[in-house]
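Report on the following structure.
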Amino acid sequence: MGGDIGFHDNAQENIANQGATFWFRMPAHVDVLEAATGQTIELPVLAPLASETDEFNVLVWINHTASIQVLKASLQYLPIKLTQANSLPGVLESLKEYGNYWDWVIVDDDTQDDMMALLKQIRLHYQGKLAVFGYQVAADQALLNRYHANILYEPLDKRQLYAMLDTQNRSTKKSVQEPRWTGVTVLAVDDHLPNLLVLDALLSELGIQVITASSGFDAIEIISKQQTKNLKTTKNDKQSLSNKTQISKAETRDEVNKKSNSTLHEEMNTDDKVATQDKGHIDLIFMDIQMPRMSGHEAARQIRNIENDDSRIPIIALTAHGLADERDKTDRQWH
């Protein structure tokens, strides 16, 4: 395909103490900047520069070759001079020597050192704009806030990068749209904590409220509580309607005349309570099939048994097995 492939020893390349890194390159013949979306992304507006030849100075250390290439491609049309450090100590040395000369400093979270100690060392010599490159689920937001650092998510996304670099307040021009699925609640069931963390992170980005359960038993208990809550709400509504029908027309007119403002206030409070209850309502379940003690199949069957026929929650199976017979088995049992 016109490319090349190879490997190198991690110890010799100062990447790790053991193991090897395999790599390959091949020509794609596409514009890297536009390949991801196929559409033009608006460039960020940087702070006013002294002259047309002036540049932003960015110091970066990211221990991932592909991410560095994406970063360079994303910045190629901006007045930014990118200086790549060869190691984390190299970053600290550059900060000791040049300090606040840098407009931005980006460091990799992929380090064996204590992140708190690293940020503390950086802030001893540099008080400018700082970003930590790493996975969203591993980000310690409280620590980042303490040292006034941004998080640049891995894998590197050009839109987030541009939003981070942009110095113009665009809130007056563009209204911030709420995520598409705001108000939706999903129950994620998986016995493997990293899977739950990934699900929570991905769904939360869409504005979805996530409730997690680490076993089928926990999922059944959560659904049972919701069903009980729904039954009590229905019963109370019916009882309230029955009481109202027993009041005579004369009494009703009298009450309306005397307490119209109070009734309106109570109705508004009732709407608020209903909205609060709906917020916790589970709209969808992601269920892992293979779990110890109780499988996803059994948990789904138990949930279907306790549900009302008119309020069945859609259940989506999560599994590494993509065989046709497994899919057919799930479809028969879960719907």
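Couple of notes before you dig in:
- Counting lysine pairs in the stretch 45-165 whose alpha carbons fall under 17 angstrom apart, excluding pairs fewer than 8 residues apart on the same chain, gives 6.
- Neighbourhood net charge (13 Å Cβ-Cβ; Lys/Arg +1, Asp/Glu -1) for E55: -2
- When each of the peptides 54-66, 136-148 is scored by the mean number of other C-beta atoms lying within 10 Å of its residues, the order from highest to lowest reads 54-66, 136-148.
- If you wrap the tightest convex hull around every Cα atom of the stretch 45-165 and split its volume per residue, you get 107 Å³.
Quick note: the coordinates plus some simple rules give every number you see, no bench work behind them. Values in this document were obtained by computation on a predicted structure and should not be read as measured data. Ideal geometry is used to build each Cβ from the backbone, glycine not excepted, and the neighbour counts take in all protein chains shown.
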